[in-house]
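*Asks:* Structure in structure tokens, see below.
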Amino acid sequence: MTQSGKNLVNYNANPQAAEAQHFVVPADCAGMRFDQALAKLMPEYSRSRLQGWIEQGQATLDGTAATAKQKVWGGEAIAVLPQAHPSEQPHQAEDIALDIVYEDDALLVIDKHVGLVVHPGSGNWEGTLLNALLHHAPQLAEVPRAGIVHRLDKDTSGLLVVAKTIPAQTALVRQLQARSVKREYLALVWGELRRDGTVDAPIGRHPTQRVKMAVVESGKPAVTHYHIEERFPSCTLVRCRLETGRTHQIRVHMAHIGHPLVGDSVYLKGAQRCVPHLRELLQGFPRQALHATRLALEHPVSGERVEWHAPLPEDFERLLQQIREANHESA
């Protein structure tokens, strides 16, 4: 982490308007596809970027829209209005409601709701927690990643801390690296666990399915402790405590020991054994049953140990209540 000004991102800055670029198709491009000729004329841009501009009508031939496959024969006039990819655009402030658990001049603790993406990325360039933070506290435009130091998956709810200053962000990152930030989650997993335990298994990118993580020998160290909170037929409510913060850590670790999270469409493989009266409830839950319920850390300014708790969101709490009721009725 650096405090050098050149590495700070002004998320609210307005991009400069792009100026159209004009070309004449040279004779040595005769017979080429439009996108091939454009790639030769504008080698600084990727072929996919140029094809996107053609599809959007931002690259024209003789003043009219064309397709990427259209042939050129030399002498045609090309006009291109370059446009930055969303990943290169300054992030904009958006008025998105936040459930703020705590706030002072250095910290902001959020109880993130289900469905909120934390940081802009592929397919989610707007409507994220980062956009909401820039609206709530515009000064976060001067803090890298708008103060975000750790993440929760889109469909995981619960506590997340944000630094409001660069010194606070530096302190929090150091605590995360030193594993002194304590994070606990409630998870409903398939199967009936009989005892508490620990999963100590390295996590890295899945060797063939790149959108997934997996337990792999070449992965980074990852440790998850789990404690049984409540047992049900076919499933168990557990409290997970993280020593490390790997992507999808709880989801990967619990699936690795044969107890994937209820509702986890990524790491849940095949049908799970289930008593009939709970099958519809458990199979119908639309997201991974995971909630960040406790967060404890050292305040970056006062040095005091501080802690927050977030109750289960309505959908998770309702699922548990329905399970209890169904078990009572079937007894």
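*Asks:* Tell me, which strands (runs of 3 or more DSSP E) wholly within the range 207-299 include 3 or more residues that are over 25 Å from V149 (Cβ atoms) and touching a residue at least 40 places away in the same chain (Cβ under 8 Å)?
*Replies:* Working: elements: 213-215, 223-232, 235-242, 290-298.
Answer list for the range 207-299: 223-232, 235-242.
*Asks:* A further question on this structure: With the condition kept exactly as written, say whether any residue in the range 19-38 is of a type in the set (S, T, N, Q), modelled with pLDDT of 80 or more and either more than 30 Å from T156 (Cα to Cα) or not assigned by TED's automatic domain parsing to the domain that holds H135 (or both).
*Replies:* As a first pass, look at the range 19-38 and keep what is of a type in the set (S, T, N, Q): 21, 36.
After this cut, where a residue has to be modelled with pLDDT of 80 or more as well, the list is 21, 36.
With the extra rule that they be either more than 30 Å from T156 (Cα to Cα) or not assigned by TED's automatic domain parsing to the domain that holds H135 (or both), the set shrinks to 21, 36.
Scanning the range 19-38, I find at least one residue that is of a type in the set (S, T, N, Q), modelled with pLDDT of 80 or more and either more than 30 Å from T156 (Cα to Cα) or not assigned by TED's automatic domain parsing to the domain that holds H135 (or both), so the answer is yes.
*Asks:* Give me a count of the residues in the range 20-43 that are over 40 Å from the mean Cα position of the chain (by Cα) and of a type outside the set (V, I, T). Lay out the reasoning, then the answer.
*Replies:* Initially, the range 20-43 is screened for residues over 40 Å from the mean Cα position of the chain (by Cα), giving 23-32.
Imposing the further condition that a residue be of a type outside the set (V, I, T) reduces the set to 23, 26-32.
Final tally of qualifying residues: 8.
*Asks:* So how many residues does the range 199-214 have that are over 19 Å from the mean Cα position of the chain (by Cα) and modelled with pLDDT under 95? It would help to see each step written out before you state the result.
*Replies:* Of all residues in the range 199-214, those over 19 Å from the mean Cα position of the chain (by Cα) come to 199-202, 207-208.
Now narrow it down to the ones that are modelled with pLDDT under 95: 207-208.
Of the residues in that region, 2 qualify.
*Asks:* Consider P286 against the criteria (1) surrounded by 13 or more Cβ atoms within 10 Å (Cβ to Cβ); (2) within 16 Å of A187 (Cβ to Cβ): it satisfies all of them except one. Which criterion is unmet?
*Replies:* All conditions are met except number (1).
*Asks:* Please go through the range 44-75 and give me each residue that is crowded, with 18+ Cβ neighbours inside 10 Å and under 33 Å from the mean Cα position of the chain (by Cα), ordered by number. First the steps, then the outcome.
*Replies:* Just the residues of the range 44-75 that are crowded, with 18+ Cβ neighbours inside 10 Å, to begin with: 50-51, 53-54, 59-61, 66, 72.
Residues satisfying the conditions are L50, Q51, W53, I54, A59.
*Asks:* Here's another thing I want to ask about it. Taking the range 215-248, which residues are under 30 Å from V275 (Cβ atoms), within 21 Å of the chain's Cα centre (by Cα) and among the hydrophobic types (A, V, I, L, M, F, W, C)?
*Replies:* Of all residues in the range 215-248, those under 30 Å from V275 (Cβ atoms) come to 215, 224-241, 248.
Those still in the list that are within 21 Å of the chain's Cα centre (by Cα) too: 215, 224, 240-241, 248.
Residues satisfying the conditions are V215, C240.
*Asks:* Pick out, from the range 140-203, the strands (runs of 3 or more DSSP E) lying fully within it that include 3 or more residues that are closer than 14 Å to H225 by Cα. If you could, list the steps in order and put the result at the bottom.
*Replies:* Values: elements: 157-163, 182-190, 197-200.
The qualifying strands (runs of 3 or more DSSP E) are 182-190, 197-200.
*Asks:* Of all residues in the range 92-131, which are at pLDDT below 75 and either surrounded by 18 or more Cβ atoms within 10 Å (Cβ to Cβ) or touching a Lys or Arg at 6+ places or on another chain (Cβ under 9 Å) (or both)? Break it down into steps so the answer makes sense when it comes.
*Replies:* The first filter runs over the range 92-131 and keeps only residues at pLDDT below 75, leaving 120-125.
Correct list: P120, N124.
*Asks:* Still on this structure: Out of all the residues in the range 203-233, which are polar (S, T, N, Q) and surrounded by 21 or more Cβ atoms within 10 Å (Cβ to Cβ)? Spell out the reasoning first.
*Replies:* First, pick out the residues of the range 203-233 that are polar (S, T, N, Q): 208-209, 218, 224.
Matches in the range 203-233: T224 only.
The values are calculated or read from the model by the stated rules, or taken from the named source; none is laboratory data. Owing to the predicted nature of the structure, the values given are computational and were not obtained by experimental measurement. Reconstructed Cβ throughout: ideal geometry from the backbone, glycine too, with neighbour counts over all protein chains shown.
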